[in-house]
1. Can you pull out the residues in the stretch 43-54 that are over 14 Å from Tyr16 (Cα atoms) and either of a type in the set (Ser, Thr, Tyr) or open to solvent by less than 80 Å² (accessible area, probe 1.4 Å) (or both)?
2. Say whether the condition of being closer than 22 Å to Gly113 by Cα, touching a residue at least 24 places away in the same chain (Cβ under 8 Å) and out of contact with any helix residue (DSSP H, G or I) (no Cβ under 8 Å at 6 or more places or on another chain) is met by at least one residue in the stretch 24-33.
3. Would you check which residues across the stretch 12-46 are of a type in the set (Gly, Ala, Ser) and closer than 30 Å to Pro57 by Cα and list them?
4. Just to be sure, is Ile132 touching a strand residue (DSSP E or B) at 6+ places or on another chain (Cβ under 8 Å), under 17 Å from Ala82 (Cβ atoms) and not in a strand (DSSP E or B)?
5. Sort out which residues of the stretch 134-159 are surrounded by 13 or more Cβ atoms within 10 Å (Cβ to Cβ) and over 17 Å from the mean Cα position of the chain (by Cα), and write them in order of number.
6. So, in the stretch 1-25, of the ones that are surrounded by 12 or more Cβ atoms within 10 Å (Cβ to Cβ) and out of contact with any His (no Cβ under 9 Å at 6 or more places or on another chain), which residue ends up modelled with the highest pLDDT?
Amino acid sequence: IDDVTTYTNGKSAEIYGVEVNVVRQFPELPGPLGGLGIYANATFQHSKANTGIEGVPEDDFFNAPRTIFTAAGTYQKYGVEATLAYSWRDRQAVRFSSYNMRIVEEPYGSLDGQIRYALTPKFKIFVNAVDILNSGKDPIVDERYGEGSRYLEGATYTGRTITFGINASF
């Protein structure tokens, strides 16, 4: 047998936090402004996990960033549906390396937009823009050997993505 991989539960873990959310449409505004809206969401959490593995210190639970937030402006009126949103998530532990060192994803934020127009009730045209501010020089996934480390485990670069299309309902 070359390699054997086995999984075990950790010794103990705790996660606690709070999430706040605000959604507001402004239909009372005059004319075209009556389609404006906003939403914001923020999650703040704290976690600790003890793996039970000798030599591995207690640290954050996997995939549990301390802060996550999204803020967006929206528009829905006259057949137009549009959203411009910025989302951000804090650093998070994602797994162990083969040397029992935590692999950590660095913080990441993205500005995304979408606009859709109903030509008829059955046909809509749309444009989606993902990661608008990313020219391709910044990674969307930046994994490091340990929190804030300069040692790169892996990175994914994509840059902005824009798609156009037509939705048809039959």
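The values are calculated or read from the model by the stated rules, or taken from the named source; none is laboratory data. Source: prediction; values computed, not measured. Because the Cβ atoms are built from the backbone with ideal geometry, glycine has one as well, and the counts that use them run over all protein chains shown. Each accessible area value is taken on the protein alone, full model and side chains, heavy atoms only, with ligands, DNA and RNA left out. Shrake-Rupley method; radii C 1.70, N 1.55, O 1.52, S 1.80 Å.
1. Residues of the stretch 43-54 over 14 Å from Tyr16 (Cα atoms): 50-54.
Asn50, Thr51, Gly52, Ile53 - these are the residues of the stretch 43-54 that are over 14 Å from Tyr16 (Cα atoms) and either of a type in the set (Ser, Thr, Tyr) or open to solvent by less than 80 Å² (accessible area, probe 1.4 Å) (or both).
2. Taking the stretch 24-33 as the starting set, the residues that turn out to be closer than 22 Å to Gly113 by Cα are 24-27, 32-33.
Subsequent filtering for residues that are touching a residue at least 24 places away in the same chain (Cβ under 8 Å) retains 25, 32.
Subsequent filtering for residues that are out of contact with any helix residue (DSSP H, G or I) (no Cβ under 8 Å at 6 or more places or on another chain) retains 25, 32.
Yes, because at least one residue in the stretch 24-33 is closer than 22 Å to Gly113 by Cα, touching a residue at least 24 places away in the same chain (Cβ under 8 Å) and out of contact with any helix residue (DSSP H, G or I) (no Cβ under 8 Å at 6 or more places or on another chain).
3. First pass over the stretch 12-46, keeping only residues of a type in the set (Gly, Ala, Ser): 12-13, 17, 31, 34-35, 37, 40, 42.
Scanning the stretch 12-46 gives Ser12, Ala13, Gly17, Ala42.
4. Working: touching a strand residue (DSSP E or B) at 6+ places or on another chain (Cβ under 8 Å): yes; under 17 Å from Ala82 (Cβ atoms): yes; not in a strand (DSSP E or B): yes.
Yes; evaluated as a whole, the condition is true for this residue.
5. Arg144, Tyr145, Gly146, Glu147, Ser149, Glu153
6. So in the stretch 1-25, the residues surrounded by 12 or more Cβ atoms within 10 Å (Cβ to Cβ) come out as 10, 13, 15, 17, 25.
Checking the rest, the ones that are also out of contact with any His (no Cβ under 9 Å at 6 or more places or on another chain) come to 10, 13, 25.
Working: Gly10: 81, Ala13: 88, Gln25: 96.
Here the answer is Gln25.
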